[in-house]
Every structure is written in C-alpha cells, then in structure tokens.
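Visitor: One structure, pasted below without further comment.
The values are calculated or read from the model by the stated rules, or taken from the named source; none is laboratory data. Not measured: the values here are computed from a predicted model. When we count neighbours, we look across all protein chains shown, and the Cβ atoms used for this are built from the backbone with ideal geometry, even at glycine. To get the accessible areas, we keep the full protein, side chains included, count just its heavy atoms, and leave off ligands, DNA and RNA. Shrake-Rupley method; radii C 1.70, N 1.55, O 1.52, S 1.80 Å.
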Amino acid sequence: MTAETTRLPDHGIGAQLRSLFGDGFPWISAGILVGVILLAMVGPMVSPWQPGALDLRSAFQPPVWAGGAWSHPLGTDNLGRDIFSRIIAGTRVSVIVAFWAILLSGAIGTIIGMIAGYFGGWADTIIMRLVDMQLSIPPLALALILAAVLDPGLQAVVIVITVTYWSWYARIVRGEVLSLREREYVALARIAGCGPLTIFARHLAPNIVNTLLVLATLQVGQVIIFEASLSFLGLGIQSPDISWGVMLADARGYITNAWWAITMPGVAIMLTCLASNLFGDWLRDVLDPKRKQL
Amino acid sequence: MLLEARDLKKHYPTRNGVVKAVDGVSFTLEPGKTFALVGESGCGKSTMAKLMLLLERPTSGAVVYDGQEVTAMRGRALRRFRRDVQAVFQDPYASLNPRLRVGKIIAEPMMAQGDLDRGAIRKRVAEALDVVGLQPDAARLYPHEFSGGQRQRIAVARALAVRPKVVILDEPTSALDVSIRAQILNLLSDIQDEYGLSYLIIAHDLALVEHFSDVTGVMYLGNMVEQGPTASIFDTPSHPYTQALLASAPRPDPDHHLPTDVIIGEIGSALAVPSGCPFHPRCPKRFAPCDSENPERRATAPGTWARCHLLHGPDTAPGHPELHLSERTRS
C-alpha cells in the first residue's frame, strides 16, 4: 500500500514519441506543412529565379509536362515571371499570416473565453452577445469595412483574420472552462485561496491546451484561404508583393490562354489546406478521441 | 464557537421557479468538536458545505468564522479564513488535479498563503504525507499512480499541511471501498485528537456519524428538522423523519427487518417545498396543523431541539395519523 510498490508508468519522451509516430501518422500532410514552413524561411536561397524578375520574351511558357522547358518547371505568367519561384515566395506571406493571425486570435479568444466561462454572470452575458454579433457578420463584409479603414497589406490581413476568428476560440474555450470550473480540484483551489490567475494557469489552461492545438492546426488552412481571398479581392497583399492570392488575381485575366498561371498557386493553396486539415484531424484523434465536433 | 451558520438561506432562481436549496439553517461548530449534517440526497447538505466554504454566497443569513462574517472578509482576514478552513471532498478521483504531482497538490494551499519558502513547504509536505501514512516519495508521483484510499489520504494530507482549524468533510468515505472507509475515518479521528481540529462532516450514512460526531443536525428539504448531541439524537429521536432515517439504516442483526411503512415516497422537490412542515406529505404521523404551519423549534432534551407539531400539540393526535395513513393506502 505504499508508494514504493506502485509501478511507475513510462513517462519517457522516447515512449511518447514512439506512440506518436506509430501507425497512422500523417507523413504526407506533415511533410507538406514542414516543407511550406521551410520554404518560407529559406525561399530566396532555393528559388531558381528572382520571383519578381520580368522576362517578357518568355511570357506564357507552359509547365514542363505541357510542352514547356525545365528552366521554368511550372511555366511563366503574362510578364514572364517564373511561377515556381513565385509560389515559393508566396509561402512566406502564408506562413507569416497564419502564424500571427492564429496566435493573436487564439490568445485573445482564449483569454476572453476563460473570463466568460470562469466568472459567468454579466461578464459571460456581455461576452457571449459580442461573440454572437461577431459570428453574424460575414467575414468578407467585415474585411471590406476594415480595409476601408486600414492600409491594405500584411498587417491588415492579420487584423481582419484576428477580428474574425477570435470568437471561435472564445466560444470553445468558454465551453471547456464551464465544465472544468465545476471540477472538485478547482473548488479546492478556491478553498485553498488561489486567485483566478493561478487557477487559470494551473488548473484550466493545461486542460484546454490540446483543444486549442487542434483548433489552431485546423485553422491554418482556413487562414491561408482567407488571406488568398482578401488578396485576390485587392484588400490584402498588393501586387507587386507576392502571395498566392495575388498570383490568382494577377492571372485571372489570362485564364483562357494560360491556365497554369492561375492553377499552380491554386494547387499550392489546396495542398497546404488539405495537409493542415488532415494533420489537424489526426492531432484531434490522438489528443482527445472523445472530441469529434471541432 | 468557531464556525457558525446563522439562519442561512440559499435560493437559486431558475426558469421554473425558485429552488430553495437551503432555507434557514443555523448551527455552531465548537473548537475541537465534530458537527455532522445528515440527510437524504437533495436535502441541501452539500449546498451547506459550499456556503460554509465561501464557494457560494448565501441569499440571506451569514457564515461567521471566529466572530467575523466571512462574506465581508477581505485581504488578511480572508487569507486567514482560506488557511484555517480546509475541505476534503467525496471523490478522490475528481478532487486531485491529474496533471499535478502529489507534492504540488499538497503544497497548493501553502503556496497560496505565500508565507513559507520552498524548503519549508517541502518539509511540511513530507510531514503531512507521513501523518496520513504515505511514503515521502509519493510527492514525486502523479495521482493516477495511487488507489482510491491512498488518494483520499493525499486529499487529507493536503487539507492538513496548511495547519487549519476546521476541516469540512463532504461525504469523505462514500466513494471509497467499504474496507477502506474505517481506515480513513480512524485516520481522521487520530488527526483530530492530535491537532485539535474541528470537523464539519456531511454524510447520508448514519452509521458513520454515530461514532464520529459530537453534535448532529438532521436536514430535510433545506430545513434543519432536529439537532442535538449525537447520542441524544440516536437514542431518543423526536422528529418522525429522524426516526424514519434511523429505522431504515441497515443493522448487523439478522432479526432486524427494515420497516416498510414508516416513510412514504421520495424526498420532495426544493422547487416546490410543501406548505407547512416540509416533511408532512411523507410523514406517517401528520395531523391537522402539519400542512399549514411550519412548526417552531422545541427543546426535547438538554441541548436538543426538533421542529415537529407532535411536540407542540397535545398528545391527542394519535387517532389522526392512522386515519391519514389508511386513507392514503386506499387511494
């Protein structure tokens, strides 16, 4: 009956990694996501051409499998710019936007959701009515309004996405905290005299980290599509700066005679989103098999 | 007196009306003594624990600790209350955060007090583990590495380590295996003797209370119906509800049969507390005034009182209860 006879389970990092990378690890999705992040960091070093370099003589070259040359593997656009190099350059915007937008909306939403869920009462009522209002506004309408106020660009994109997505985190965190705060160990922490900040950090946050991680991963894809949509509409990144959305916008005039110019960035967006969704699904199953509705 | 409830009421407004979970309960807990609150599920005894622990604020009435009203406490007084009054809950699987090591769980109340350095806290953790009969190594392990009884020992160690004056025990043994219950109760008794603690124990198990508490209060639907020294309550219960509770407790006696007709139906709803005496719809001895007037307290023995019309009125009532009873059984 003493602790000595209790067998210690394997807390080792090795065992945890083994179980993590066992059957069902989404190698392809993880590979694509890691690849995108790596390209965002070292892009200029590996890209074959200057992404902004014009070469009007080689405009509208098709991809290599459609009769093009290996010098431009994914073809060129209307100004002779190398599409492959531009896609690599576009990863930077996607990664930066995804990182900051998810970090900011997640942090703001988590704090607000914790306050609403833990304190309840009028704080909860006000916050949840705000969330309802937020959810009733179409994101693009909000983007149009904000774009009128803000200078278009990377910052504006991050702000628009943060304003759109914080309410998601707030709602989910509130729900989690509502059930967590009824746990007996939370009541005992209050009895012990712990303040709200200690209770958040020690008893609530560790229990919602998994949920947040899953939500954030699933959102990478949405954020990338959102950025592309904003840039496509001219509310986000502006040409000649490069993002996948800008490439779509630039190429849409030539869709009939140069399909690859608009297809290639589209495929890049699709693959990245698909990878983030599949990876997020896997993460959800691994971290919390009970939670299927995220 | 150390801890006192003064005419405590806790009403929860809901869509379907007001739930009167606790409706005017008073008692005092003396230093070094044990007060037991007993009653069926839904009688408001757990709400009482929450009120006494300042987890909920009373609708009216007051909780008084050492002469001071706890809802008015701020700063140092509140911190002292948070040290002096600790709790052990029913379910040792829910009351220990699974992500914290046992050492940290036990240290939490001391860390919240902020007056001890890490070395002193570690020493106290080891002491507390020793008092409850666990190895000092236990501090490095996680709760899931212990059995239910060991976990409850950890919960007791946690309550104890901060050197409280009162420990509120909310059904401390009802989630444990029968074989472990006596161990935990003996442990709690030893600790009480050694440290001069006061206990407020909340239980539905009468057998547990009989040998453990000095004073017992019986609750029914948010009301205290009878209160007094435990021996007096168990030997000469005056309230029909107390009598029924005692009669329905299983006894290790093969010739003893559980009475079948003493108490009628289920506990009523706190949403619609019956008029008059809250117990009257289930009472085998009800008569004329029971459904209109809630009886006042009446002394039945030294230090004991009960709230029942039988104690007020003349003993001419006996004819009536049978009447009521037979009417009911026919319908």
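Visitor: Please report, in whole Å³, the volume per residue of the convex hull around the C-alpha atoms of chain B.
Guide: Per residue, the Cα convex hull of chain B comes to 157 Å³.
Visitor: For the stretch A:80-160, what's the relative contact order in percent, using C-alpha pairs closer than 8 Å and at least 6 residues apart?
Guide: For the stretch A:80-160, the relative contact order is 32 percent.
Visitor: Can I ask one more? Can you give the calculated 222 nm mean residue ellipticity of chain A, where each DSSP H run of n ≥ 4 adds -39,500 (n - 2.57) and the sum is split over every residue, rounded to the nearest 500 deg cm²/dmol?
Guide: Numbers: 11 runs with 196 residues, N = 294.
Mean residue ellipticity at 222 nm (helix-derived): -22500 deg cm²/dmol.
Visitor: Still on this structure: Let me check I've understood the local charge: for residue A:59, count other residues with C-beta under 15 angstrom from its C-beta, Lys and Arg +1, Asp and Glu -1. What total comes out?
Guide: Residues close to residue A:59 contribute a combined charge of -1.
Visitor: For the stretch A:159-212, which GluC sites (Glu not before Pro) are both in a DSSP coil and crowded by at most 10 other Cβ atoms within 10 Å? Walk me through the numbers before you get to the answer.
Guide: Values: sites: A:176, A:182, A:184; in loops: A:182.
Passing both the DSSP loop test and the Cβ count: A:182.
Visitor: Now, a different point. What percent of all Cα-Cα pairs in the stretch A:208-265 falls in each 5 Å bin, counting up from 0?
Guide: With a bin width of 5 Å, the distribution comes to 4, 20, 20, 18, 13, 9, 7, 5, 2, 1, 0.
Visitor: Leaving out ligands, DNA and RNA, what percent of the accessible area of the protein assembly as shown is carbon and sulfur, probe 1.4 Å?
Guide: 59
Visitor: Here is a follow-up. Quote the FRET efficiency, to the nearest 0.05, computed for residue A:54 versus residue A:256 with a Förster distance R0 of 25 Å and r equal to the Cβ-Cβ distance.
Guide: 0.65
Visitor: Would you mind putting B:141-150, B:189-198 in packing order, based on average other-beta-carbon counts within 10 Å, highest first?
Guide: Going by the mean number of other Cβ atoms within 10 Å, highest first, we get B:141-150, B:189-198.
Visitor: Report the Stokes-Einstein translational diffusion coefficient (µm² s⁻¹, integer) for the stretch B:134-225, Rh taken as the Kirkwood radius over Cα pairs, at 25 °C with viscosity 0.890 mPa s.
Guide: Working: Rh = 14.5 Å.
D, rounded to a whole number, is 169 µm²/s.
Visitor: Within chain A, what's the longest stretch lacking trypsin sites (Lys or Arg not before Pro) that sit in DSSP loops with no more than 12 other Cβ atoms inside 10 Å?
Guide: A:8-289
Visitor: With a 1.4 Å probe, how much accessible area is buried between chains B and A, both sides summed, in Å² to the nearest hundred?
Guide: It comes to approximately 2500 Å² buried between B and A.
Visitor: Return the Rg/Rh ratio of the stretch B:27-160 with Cα-based radii and a Kirkwood Rh.
Guide: Rg/Rh: 0.99.
Visitor: Follow-up question, since we're still on this one. Using the 2.2 N^0.38 Å rule of thumb for compact globular proteins, work out how the stretch A:154-294 stacks up: its C-alpha Rg over that value, please.
Guide: 1.42
Visitor: At 4 °C and 1.567 mPa s, what whole-number value in µm²/s does Stokes-Einstein give for the translational diffusion of the stretch B:162-275, with Rh from the Kirkwood sum over Cα pairs?
Guide: D, rounded to a whole number, is 81 µm²/s.
Visitor: In the stretch A:45-105, if every C-alpha pair distance is counted and binned at 5 Å from zero, what percent goes to each bin?
Guide: All Cα pairs considered, the percentages come to 4, 20, 23, 19, 11, 9, 7, 5, 2, 0.
Visitor: Would you calculate the separation in nanometres between label points at residue B:1 and residue B:249, each defined as 7 Å from the Cα along the Cα-to-beta-carbon direction?
Guide: That separation, rounded to one decimal, is 2.5 nm.
Visitor: Lys and Arg at +1, Asp and Glu at -1: add these up for the other residues within a Cβ distance under 13 Å of residue A:88 and post the number. Present the calculation step by step, with values, prior to reporting the outcome.
Guide: Numbers: positive: A:81, A:86, A:92; negative: A:82.
Here the count lands on +2.
Visitor: Further question on the same structure: Residue B:195 label point, 7 Å along Cα→Cβ, cut-off 14 Å on backbone N: hits in the stretch B:117-132?
Guide: B:124-132
Visitor: Still on this structure: If the viscosity is 0.890 mPa s and the temperature 25 °C, what Stokes-Einstein diffusion coefficient in µm²/s follows for the stretch A:33-150 when Rh is the Kirkwood radius over Cα pairs?
Guide: Taking Rh from Cα pairs, D becomes 136 µm²/s.
Visitor: Which distance in nm do the two modelled labels at residue A:64 and residue A:45 give, with both placed 7 Å along the Cα-to-Cβ direction?
Guide: Here the answer is 2.2 nm between the modelled labels.
Visitor: While we're on this one: In Å, the Kirkwood hydrodynamic radius of the protein assembly as shown over pairs of distinct alpha carbons?
Guide: 29.6
Visitor: Once the Cα atoms of helix B:148-161 and of chain B are each reduced to a long axis, what angle between those two axes, in degrees from 0 to 90 to the nearest 10, is obtained?
Guide: That helix lies at roughly 70 degrees to the long axis.
Visitor: Do any residues of the stretch B:135-152 show a loss of at least 30 square angstrom of accessible area between the isolated chain and the full protein assembly, using a 1.4 Å probe, and if so which?
Guide: Residues losing area: B:135, B:141, B:145, B:150.
Visitor: Rounded to the nearest 500 deg cm²/dmol, what is the calculated helix-only ellipticity per residue at 222 nm for chain B, with -39500 (n - 2.57) per DSSP H run of length n ≥ 4? Mind dumping the intermediate values first?
Guide: Details: 11 runs with 114 residues, N = 331.
Roughly -10000 deg cm²/dmol at 222 nm, from the helical runs in chain B.
Visitor: For chain B, what is the accessible area per residue in Å², given a 1.4 Å probe and the full set of protein chains?
Guide: For chain B, the solvent-accessible area averages 46 Å² per residue.
Visitor: Within the set of other residues whose C-beta is less than 11 Å from the C-beta of residue A:109, count the net charge using Lys and Arg as +1 and Asp and Glu as -1.
Guide: Once positives and negatives cancel, what remains is +2.
Visitor: Please grab the % of Cα pairs in chain A that end up more than 35 Å from each other.
Guide: 33
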